[in-house]
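Visitor: Attaching a single structure in structure tokens format; questions to follow.
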Amino acid sequence: MNAAGRTGLDRMPEWHALAKHREELGEVDLRELFAKDPGRAERHTVRAGDLHIDFSKHLITDDTLRLLRELAAATDVAGLRDAMFRGERINTTEDRAVLHTALRAPRDADIRVAGDAGNAGNAGNAENIVPAVHAVLDRMGAFAERVRSGEWTGHTGRRIRTVVNIGIGGSDLGPAMAYEALRPYATREVEIRFVSNVDGSDLHEALRGLDPTETLFVVASKTFTTIETITNARSARAWLLEGLGPDTGGEAVARHFVAVSTNAAEVAAFGIDTANMFEFWDWVGGRYSYDSAIGLALMVGIGPDNFHDMLAGFHTVDEHFRTAPPEANAPLLMGLLGIWYNAFHDAQSHAVLPYSHYLGRFPAYLQQLDMESNGKSVDRNGEPVRWQTGPVVWGTPGTNGQHAYYQLLHQGTKLVPADLIGFARPVAELPPRLRDHHDLLMANLFAQGQALAFGKTADEVRAEGVAEELVPHRTFRGNRPTTTILAPRLTPSVLGQLVALYEHKVFVQGAVWNIDSFDQWGVELGKVLAKRVEPALTEGAGVPGLDASTAALVARYRELRGR
Ligand code: F6P
């Protein structure tokens, strides 16, 4: 379906049917739904690769799901999905294809970017991009092996002991999250550190204790113009040259800096040998890029084989999304349920609660994936949307959250749908004395899902002999919706599957909301203004049109800096 010709979501009969259904449904009681339907848990559980996903603790009936699927059909989610996989330019505001799925396609796949050659929209004449994807993966693999084995040496001939990835946003969050998630799979011979913030403290701390002769920098930037990254890369270069001595120069930079970018000209201008540049393409969005060359530092850490296992995991869920019927399509259902709460329950946020210490950075990674993709308020035609779009995504590892903000999840006034993510087995490398922790960890996950869904009635509280005045305080209303995602173990493949699941969930929501999930114009204004304000801070230069509040803050800042 052509997005331009699409009826506004809130004018579609399927949308109205959902609104009416919500009204008729009223307050759903999960205790009741489970009590009268013994097959509910099984019926609302789907499999995607190794992921066992239980949707039964949602405020839904079979009718809700049917109506949501009808909405997906009416908004042609499947049509847009197929267009994405086919390489059509569905990122219309940037006129780009959206082909992160090609990054994990098998070597013999054939994927072409529509309009790259021949007639616009005719993919037939364009070149197959899969060989180029695999050529880069092969180069990455060879490079990663050289660094891991010690064959790649620094300027003085010493092996590399630390790789520092300099990047921000999608050029940091994905590899940093995955490196932490897959720590048990990483070599301890080479440590990977990540620097993103333009706050000099970030680089300062990352370089602490490092020997420049044994340090390699990966400058990861799709555009190679991002001010934070280029500023950090320049300072890292200065640190290196200072450490190596006054006689070193370009040659040393070439041994200690490699780049990941789509912009060869800027990479060369920085002084990095383009022979040491790992390429990716404009059809990979920054927040969808960690399985591209942006994952180079990660690959050095976990090794090419594990990286390929991760890609295979992504591909498994890509195939699931592409082929599973709507009733059993996990990303589709996750996306639709999010819309159900967002639009019809006034839920403003969505919590992601991994019961895995290694997934500590997963929610932060998802924040960019989801909020940069779907934080939009105009539709594909530039018309203001009259419906809610992307939620605020947040979360931390579940057990820690239990002792912090779960109080609000259980008894607060806000409805916060949440994903509980857990694994049947702890990571393989845990010593036996620590493996017992795992059952306790997972008991917490299951208990929280249960408590959130079914709560504790006033009568149950009374039956425990609680004083009447405390009964309201100790009652849990329940009916707090969760999705439980259970996987055998946090392996590279399972991580790839999880990320792909969320990528496609975000896709589904953007498709229904009729927004462009693949641009990010909303980050531009702040960037432009920062450039304008900086000379005011350093030189006291006037900034044309500076508002009174910011002008006063700038003046006070200068005063505090003694300028
Ligand atoms: O925050 C905006 C953004 O463009 C992100 O989309 C991107 O991931 C990040 O900046 C970094 O961009 P680059 O890889 O070009 O340095």
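Visitor: So what's the gap between the Cα centers of segment 147-193 and segment 449-494, to the nearest angstrom?
Guide: Centre-to-centre (Cα) distance: 41 Å.
Visitor: List the relative contact order of the chain as a percent without decimals, with contacts defined as Cα pairs under 8 Å and 6+ residues apart.
Guide: For the chain, the relative contact order is 18 percent.
Visitor: Additional query: Which residues in segment 141-183 have a backbone N closer than 19 Å to a point placed 7 Å from the Cα of GLU251 along the Cα-to-Cβ line?
Guide: Residues 152-160 fall inside that zone.
Visitor: Counting only other residues whose beta carbon sits under 14 Å from that of SER201, what net charge do I get with K and R as +1, D and E as -1?
Guide: Residues near SER201 contribute -2 overall.
Visitor: Also, quick follow-up: Return the percentage of antiparallel bridges among DSSP beta bridges fully within the chain, rounded to the nearest 5 %.
Guide: Around 30 percent of the beta bridges assigned by DSSP in the chain are antiparallel ones.
Visitor: Straight-line reach from LYS20: which aspartates and glutamates have Cα under 16 Å away, leaving out those fewer than 8 places along the same chain?
Guide: List returned: ASP10, ASP62, ASP63, GLU70, ASP346.
Visitor: Given H placed on each backbone N at 1.01 Å, which residues far from ARG193 in sequence or on other chains put an amide H within less than 5 Å of it?
Guide: Those lying under 5 Å, H to H, from ARG193 are VAL163, VAL164, ASN165.
Visitor: Here's something else I'd like to know. What's the FRET efficiency of ASP459 with ASN400 using the Cβ-Cβ distance as r and R₀ = 35 Å, to the nearest 0.05?
Guide: That gives a FRET efficiency of 0.60.
Visitor: Taking a ≥ b ≥ c as the square roots of the Cα gyration tensor eigenvalues, with a/c under 1.5 meaning rounded and otherwise prolate when a/b beats b/c, else oblate, which class fits segment 128-305?
Guide: Here segment 128-305 falls in the rounded category.
Visitor: Relative contact order (percent) for segment 368-466, with alpha-carbon contacts under 8 angstrom and 6 or more residues of separation?
Guide: In percent, rounded to a whole number, it is 21.
Visitor: Here's a follow-up. How many nm separate the modelled label positions at THR413 and ASN381, each set 7 Å beyond the Cα in the direction of the Cβ?
Guide: 3.8
Visitor: Separate question: On the accessible surface of the chain, probed at 1.4 Å, how many percent belong to carbon and sulfur atoms?
Guide: 51
Visitor: Using only the heavy atoms of the protein chains and a 1.4 Å probe, how would GLU503, GLU88, GLU94, GLU468 rank by accessible area, largest first?
Guide: Sorted by accessible area, descending: GLU468, GLU88, GLU94, GLU503.
Visitor: Roughly how many nanometres apart are two label points built 7 Å out from the Cα toward the Cβ at ASP211 and ARG322?
Guide: 4.8
Visitor: Determine the relative contact order of segment 1-156: mean sequence separation of Cα pairs under 8 Å and six or more apart, normalised by residue count, in whole percent.
Guide: Across segment 1-156, relative contact order equals 13 percent.
Visitor: Also: Report the calculated FRET efficiency for ALA555 and ARG158 (r = Cβ-Cβ distance, R0 = 51 Å), to the nearest 0.05.
Guide: Between ALA555 and ARG158 the formula returns 0.55.
Visitor: Among the listed pairs LYS57/LYS456; LYS36/LYS456; LYS222/LYS505, give every one whose C-alpha distance is greater than 22 Å.
Guide: Result: LYS222/LYS505 exceed 22 Å.
Visitor: A follow-up question, please. Rounded, prolate or oblate: which fits segment 231-322 when a ≥ b ≥ c are the square roots of the eigenvalues of the alpha-carbon gyration tensor, with rounded for a/c under 1.5 and prolate only if a/b beats b/c?
Guide: Because a/c hits 1.5 or more and a/b exceeds b/c, segment 231-322 counts as prolate.
Visitor: Using the Kyte-Doolittle scale, find the helices of the chain whose mean hydropathy is at least -0.5 and whose Cα atoms extend 15 Å or more along the helix's long axis, counting only whole DSSP H runs.
Guide: Flagged H segments are 62-74, 130-149, 227-244, 330-344, 437-454, 492-513, 524-539, 548-560.
Visitor: Moving to a separate point now. Let me make sure I get this right: for segment 306-428, a, b and c are the square roots of the gyration tensor eigenvalues over alpha carbons, sorted descending. Under 1.5 in a/c it's rounded, otherwise prolate if a/b > b/c, else oblate. Which is it?
Guide: The shape class here is oblate.
Visitor: Can you give the local net charge around GLY562? Use residues other than it whose beta-carbon is closer than 15 angstrom to its beta-carbon, Lys and Arg +1, Asp and Glu -1.
Guide: +2
Visitor: Here's something else I'd like to know. Tell me the label-point distance for the pair LEU440, ARG532, using the 7 Å Cα-to-Cβ offset, in nm and rounded to one decimal.
Guide: For the pair LEU440/ARG532, the computed spacing is 5.6 nm.
Visitor: Calculated FRET efficiency, ALA109 and ALA467, Cβ-Cβ r, R0 51 Å, to nearest 0.05?
Guide: The formula returns an efficiency of 0.15 here.
Visitor: Can you compute the label reach from THR274? Point 7 Å from Cα along the Cβ direction, backbone N cut-off under 11 Å, restricted to segment 232-264.
Guide: 263-264
The values are calculated or read from the model by the stated rules, or taken from the named source; none is laboratory data. For clarity, every value in this text was computed on a predicted model and none was experimentally measured. Because the Cβ atoms are built from the backbone with ideal geometry, glycine has one as well, and the counts that use them run over all protein chains shown. Protein only, heavy atoms only, side chains kept; ligands, DNA and RNA dropped before computing areas. Shrake-Rupley method; radii C 1.70, N 1.55, O 1.52, S 1.80 Å.
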